[in-house]
1. Go ahead and set up a Gaussian network model of the chain, Cα springs under 10 Å, then flag whichever of Lys72, Lys90, Lys108 fluctuates most.
2. So how much accessible area does Tyr95 have, in Å² to the nearest 10, using a 1.4 Å probe?
3. Answer rounded, prolate or oblate for the stretch 35-93, using the Cα gyration tensor with square roots of eigenvalues a ≥ b ≥ c: rounded when a/c is under 1.5, else prolate when a/b is larger than b/c, else oblate.
4. Largest first, how would Leu105, Leu120, Leu6 line up by accessible area (1.4 Å probe)?
5. If you line up the long axis of helix 75-86 against the longest principal axis of the chain, both from Cα atoms, how many degrees apart are they, to the nearest 10?
6. Based on a Kirkwood Rh over C-alpha pairs, give the Stokes-Einstein translational diffusion coefficient of the stretch 1-66 at 4 °C and viscosity 1.567 mPa s in µm²/s.
7. What's the carbon and sulfur percent of the chain's accessible surface, probe 1.4 angstrom, rounded to a whole number?
8. What does the accessible area per residue of the stretch 46-119 come to in Å², with a 1.4 Å probe and no ligands, DNA or RNA counted?
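The values are calculated or read from the model by the stated rules, or taken from the named source; none is laboratory data. Please read all numbers here as calculations on a predicted model, not as lab measurements. Calculation scope for accessible area: heavy atoms of the full protein, side chains included, ligands and nucleic acids excluded. Shrake-Rupley method; radii C 1.70, N 1.55, O 1.52, S 1.80 Å.
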Amino acid sequence: EKHELLAHAKGLFQPTTYIGPFEGVTIEAMMSGTPVITTNFGCFTETVLHGITGYRCNTLDQFTWAAKNIVKIKPSNCRKWAVSNFSMDKAKMMYDEYFHQLYDLFGKGWYEIHDDRKSLDWLKRKY
């Protein structure tokens, strides 16, 4: 039901004064091809590509403009961005790195060196 609702929505509003760590509902919307309109701080500066997957706003005027212009955002861009950067295939690399960092706390912590490391690809984003 949620997917159907998001997939047929013109856009998703998520204005907040709370600086959340991820706010996954915006990713769910974009994976459904729905552009988002959010505030311009916190995680949204990394998860919402302004003018491509949605709009980030600060004032009522900006939110009003964004709502009137949401049709300019291509649903295919939203889905492509979200799937490329937040799918399970991508998230598993981020979680794997995070849990390895936690494990390192039982050793040398920040000073732990992994000579077998091949990349930092968990940080890459696809645009």
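1. Fluctuation is largest for Lys108.
2. Only protein atoms counted, so the area is about 140 Å².
3. Numbers: a/c = 4.16, a/b = 1.69, b/c = 2.46.
It is oblate, given that a/c is not under 1.5 and a/b is not larger than b/c.
4. Values: Leu105 120, Leu120 95, Leu6 20 Å².
I get Leu105, Leu120, Leu6, largest accessible area first.
5. Taking Cα atoms only, the helix is inclined about 20 degrees.
6. Numbers: Rh = 11.8 Å.
After rounding, the answer is 110 µm²/s.
7. Details: 5330 of 8950 Å².
Carbon and sulfur atoms account for 60 percent of the accessible area of the chain.
8. Numbers: 5580 Å² over 74 residues.
Accessible area per residue, the stretch 46-119: 75 Å².
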